[in-house]
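Below: one structure, written as structure tokens.
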Amino acid sequence: MELLEDLRLRLRQWEQSDLLRKRRIVDGPCAAQRCVWSADDSRLLNAFCSNDYLGLAAHPDVIAALEHGARQMGVGAGASHLISGHHRAHERLEEQLAALQSPHIPQCRALLFASGYLANIGVLATLADRQSEIFSEELNHASLIDGIRLSGAHCKVYPHANLAALDTMLRASSACSKFIVTDAVFSMEGDLAPLGSLLELARRHGAWLLVDDAHGFGVLGERGRGSLAHHALRSEQLIYMGTLGKALGVVGAFVAAHKTLIEYLVQRARPYVFSTASPPALAVALEAALHIASGPQGDELRAALRRNIVRLREALRVDPWRLLASDTPIQPIVIGENARTMQVADAMQGQGFWVPGIRPPTVPPGTARLRVALSAAHSVEQIDRLAEALNALAARHRGG
């Protein structure tokens, strides 16, 4: 009973600090407009809250592929990949993902995971140990942080994009194995990690570079290959994690690396070894999404996404709030105070827009923000109306 009272106290404190998070019930497919339910009604909102950057989550070809896969293979894998759950569809998808990254990683092989969170935990907790040292970017995703903790390795955090500080840390390290760990596109900032410079530091100091490209795969680089292609990188020292539930619109993740490293993960990565495999029907759906994203249609979708990014940034006039510099679909508007941020998010909902307010601990204290997420599926009209609503609220804020 003491535990329950302690939990109630913490929940009340979070609520008083405007830090209590609430789930929203949605209906229908993931799309540019979502039906959102509340206690007494439902509303159709223009949704700027999804990572479905190419609009593939409800693409008819992807849906048809999932239906076909389910009819042919059922809705479950039955066991882990190493017991009996590794289907031909999984193998085919891994081969296609490896082929996309092979220009950047020699002797590349790919391995599927059920989520990006599990992939990052699996890689770090398997490859690093107490004799290792990990150099982690200040703004890394929680899954990387948790993977580092589980590994037991000594960790040093370097300031955001500060190459000089990282170089000093690496030079002072005498660890048997070293890992530089970074997001490629920072999920709450929208900016890009300097991957070319990070790889040069990795080469100079004999370190591995682990790149979490959750928000770059499918969006950046030729054919949507991701951040390695965007920065024109190639090295055996690269470990690449890409997610399949954002730009590809389905679910899951993969790790691409040298074939020897991947085989080691197959044998020892606990989130892989001890998890039931994803349904093979999902792999069929992902094949269809990958075919779209890496082909001419994907190029058209990325061009539409780029136009939406430029149009919104040119239209926004949100001073005294701060629109962060970002050329990606993630467009953060820093407001600062938790309560004010949520008031603005609620006001946007009242005008028909779902733009999430992001608060600590996801972002540092005092930097609560709106996180506008753009998609190729958004229309010009939706972009213009969003900018108009945000500009009007910012003007009202300027006036007191």
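The values are calculated or read from the model by the stated rules, or taken from the named source; none is laboratory data. Predicted model, so just to flag it, every value in this text is computed and none were measured. Here Cβ is always computed from backbone atoms with ideal geometry, including for glycine, and neighbour counts include all displayed protein chains.
Brief remarks on what is shown
- Any hit, the stretch 44-61, residues being within 30 Å of Ile262 (Cα to Cα), of a type in the set (Ser, Thr, Tyr) and more than 23 Å from the chain's Cα centre (by Cα): no
Per-residue answers, yes or no, for (1) more than 20 Å from the chain's Cα centre (by Cα); (2) part of a helix (DSSP H, G or I); (3) not assigned by TED's automatic domain parsing to the domain that holds Ala119:
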{"residue": "His160", "(1), (2), (3)": "no, no, no"}
{"residue": "Thr168", "(1), (2), (3)": "yes, yes, no"}
{"residue": "Ala175", "(1), (2), (3)": "yes, no, no"}
{"residue": "Ile180", "(1), (2), (3)": "no, no, no"}
{"residue": "Gly216", "(1), (2), (3)": "no, no, no"}
{"residue": "Arg223", "(1), (2), (3)": "no, yes, no"}
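- Some residue of the stretch 363-377 being farther than 24 Å from His215 by Cα, surrounded by fewer than 19 Cβ atoms within 10 Å (Cβ to Cβ) and not hydrophobic (A, V, I, L, M, F, W, C): yes
- Pair list, Cβ < 7 Å and 6+ apart or interchain, from the stretch 79-96 residues that are among the charged types (D, E, K, R) to residues that are in a helix (DSSP H, G or I): Arg92/Glu287
- Residue check, Leu118 surrounded by fewer than 23 Cβ atoms within 10 Å (Cβ to Cβ), more than 19 Å from the chain's Cα centre (by Cα) and in contact (Cβ under 8 Å) with a residue 12 or more places away in the chain: no
- Flag if Gln96 is in the same structural domain as Ser235 (by TED's automatic domain parsing), surrounded by 13 or more Cβ atoms within 10 Å (Cβ to Cβ) and not charged (D, E, K, R): yes
- Members of the stretch 199-216 found to be surrounded by fewer than 24 Cβ atoms within 10 Å (Cβ to Cβ) and farther than 17 Å from Ile148 by Cα, listed by number: Leu199, Glu200, Leu201, Ala202, Arg203, Arg204, His205, Gly206
- Boolean, Asp167 is among the charged types (D, E, K, R) and closer than 16 Å to Ala207 by Cβ: yes
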